[in-house]
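Structure, as structure tokens:
The values are calculated or read from the model by the stated rules, or taken from the named source; none is laboratory data. Source: prediction; values computed, not measured. Cβ placement follows ideal geometry from the backbone for every residue including glycine, while neighbour counts extend to all protein chains displayed.
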Amino acid sequence: MITPAATAPELTARGYKLILRTTGLDSDQGPTAAKYILDKVKPQRIAVVHDKQQYAKVWPVRCRMA
């Protein structure tokens, strides 16, 4: 299977023999975006609003580390 949009890590945990992703995992996108914002944008203040899904779980932790 080739998927251009599936970002959930659970997809590859199902045991399929061959899955090709063209985008990163949710668990990687959040930390990468947070690092970019903190390192490059360097905001004085930020607010994090999330729905406790995989993608958003890292944001509060990463922001507290800054």
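General observations
- Output for the range 32-57, where each listed residue is at pLDDT below 85, of a type in the set (Val, Ile, Thr) and out of contact with any helix residue (DSSP H, G or I) (no Cβ under 8 Å at 6 or more places or on another chain): Thr32, Val49
- Subset of the range 11-31 (residues that are among the hydroxyl-bearing types (Ser, Thr, Tyr) and either modelled with pLDDT of 80 or more or on the phi > 0 side of the Ramachandran plot (or both)): Thr12, Tyr16, Thr22, Thr23
- First in the range 14-27 and farther than 21 Å from Lys52 by Cα and without any contact (Cβ under 8 Å) to a residue 40 or more places away in the chain, second anywhere and part of a helix (DSSP H, G or I) and of a type in the set (A, V, I, L, M), Cβ under 7 Å, 6 or more apart: Ile19/Leu11
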